[in-house]
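Trainee: Here you go, one structure.
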Amino acid sequence: MKNIILLVFILAFFSQISFSQAQSQDSIFVSCKRWGGDIEIAESWKWKINNVEFNLTPDTLKIPIHKSNFDTILFSDGNKERIILTKFNKGHVYNIHYNACCSDFDIVEKNDYYDSLEQIEDIIMSYYIHTREPRVRFELLNGEPNDNLVGVLGNFYYDDTIHGEDLHNNKKTSYLSPATVSFAAYNYNLGIVRRVKQLTTKAVDNDKAFYVYFYNSEKKDYYKIEKIFQMIEYRFFGKEKLLVTYDYQTNKMKIEIEN
């Protein structure tokens with residue numbers, strides 16, 4: 001049910017998210033050769049990367065990418081659809097393979113073993129977390145005082161809690177890093193929500209709510225999410241830094257790469 005609710009928000013507001021679509025001049029190479037997962041589960045899965053559509057195929061596809069702006073991955077598992085923004089590196093080879101943890105998929109650069117955290121020892125995982133985790137910060141425009149708007153980063157598909165920073169007019173937040181979910185794909189939700197005013201006692205597992213956790217501030221407590229204004233899914237490929245600017249009056253969100 002949580003996935004369905006979140007998908008409604010993503011599809012409803014995706015047209016209000018600003019990111020330029022430049023002409024496609026560069027290319028990447030994508031295959032499913034290293035699948036190694038449950039083929040039956042994925043028989044109905046489909047991907048569309050920058051309008052190139054394919055299913056579980058061993059063939060290597062050449063796919064055009066956007067030279068200076070974001071690329072899009074549309075994924076369908078036969079029941080629901082997801083829209084994922086990312087920034088591919090031109091000329092690189094990417095493998096799509098099964099993520100056994102959550103019946104999901106990973107898309108990883110060839111010979112890159114730090115993406116899904118499968119079979120990674122603690123010392124390597126520590127290296128991964130401290131040197132490769134993404135950073136996202138937020139800026140609010142035309143907000144209202146005491147409206148409890150929060151910029152968030154995390155993964156709603158694997159957890160009900162994501163990291164957040166309170167938003168204040170015309171001020172950039174500090175950088176947020178996502179909560180790392182072992183074995184999960186390196187896709188994260190980022191967006192704008194309203195939290196409840198009062199501190200929330202995190203409920204038991206059968207609760208249907210989402211929560212935000214303020215690990216960067218003195219709060220360090222859970223607050224229930226009251227409303228989602230904007231939410232997208234982004235696939236990181238390293239130490240990317242994103243700036244997310246949100247205009248409260250127009251409910252439009254702009255995403256920029258800072259590095």
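The values are calculated or read from the model by the stated rules, or taken from the named source; none is laboratory data. Worth saying up front: this structure is predicted, and the values here are computed from it rather than measured. Counting neighbours? That spans all protein chains shown, and the Cβs are built from the backbone with ideal geometry, glycine included.
Trainee: How many residues does the range 50-101 hold that are exposed (fewer than 13 other Cβ atoms within 10 Å of the Cβ), small (Gly, Ala, Ser) and free of Cβ contacts under 8 Å to residues at least 60 places away in the same chain?
Mentor: Qualifying residue count for the region: 2.
Trainee: For the range 108-118, state whether one or more residues are in a strand (DSSP E or B), more than 15 Å from the chain's Cα centre (by Cα) and modelled with pLDDT of 90 or more.
Mentor: no
Trainee: Here's another thing I want to ask about it. Keeping to the range 88-104, report how many residues are at pLDDT 80 or above, in contact with a strand residue (DSSP E or B) (Cβ under 6 Å, 6 or more places away or on another chain) and over 11 Å from residue 30 (Cβ atoms).
Mentor: 1
Trainee: May I pose another question? With respect to the numbered conditions (1) exposed (fewer than 12 other Cβ atoms within 10 Å of the Cβ); (2) modelled with pLDDT of 50 or more, which one is the sole condition not fulfilled by residue 45?
Mentor: Against the list (1) exposed (fewer than 12 other Cβ atoms within 10 Å of the Cβ); (2) modelled with pLDDT of 50 or more, residue 45 comes up short only on (1).
Trainee: Further, regarding this structure: Residues of the range 63-81 being more than 14 Å from the chain's Cα centre (by Cα) and hydroxyl-bearing (Ser, Thr, Tyr), which ones?
Mentor: 68, 76, listed by residue number.
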